[in-house]
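Everything on this sheet refers to the single structure shown next.
The values are calculated or read from the model by the stated rules, or taken from the named source; none is laboratory data. Computed from a predicted model, the values in this text were never measured in an experiment. Cβ atoms come from the backbone with ideal geometry, glycine included; neighbour counts cover every protein chain shown.
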Amino acid sequence: LAAFRVTPQPGVPPEEAGAAVAAESSTGTWTTVWTDGLTSLDRYKGRCYHIESVVGEENQYIAYVAYPLDLFEEGSVTNMFTSIVGNVFGFKALRLEDLRIPTSYSKTFQGPPHGIQVERA
């Protein structure tokens, strides 16, 4: 689950801005990709499930986006962060405010290759 602070462009409803963030940070792209017809992307799409106004800030919203775990490679922090924040930061006025990683996915990370004692030394 990710919470993004979004400032929509003039005339763009906050729901549309939230949906654009969810799409672009999961399966969306602005170009035609030849592999689009090979797999149904519905299973991998991020979904903006809630939007709320930021108190005291005009035209700013928090867009809450949920991602299916199948979108990410197990044990790869790099893959997860690249998927969630890689493309969307081409958007103006967007900031990742919070990220919650499910325990089931966290358990796939192997940790430091030499053990915590070696890493801390």
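Taking T82 and the conditions (1) farther than 30 Å from Y61 by Cβ; (2) part of a helix (DSSP H, G or I), which numbered condition does it fall short on, given that it satisfies the others?
Failing condition for T82: (1).
If L41 meets every condition in (1) at pLDDT 90 or above; (2) surrounded by fewer than 17 Cβ atoms within 10 Å (Cβ to Cβ) apart from one, which number is that one?
Only one criterion is unmet by L41, namely (1).
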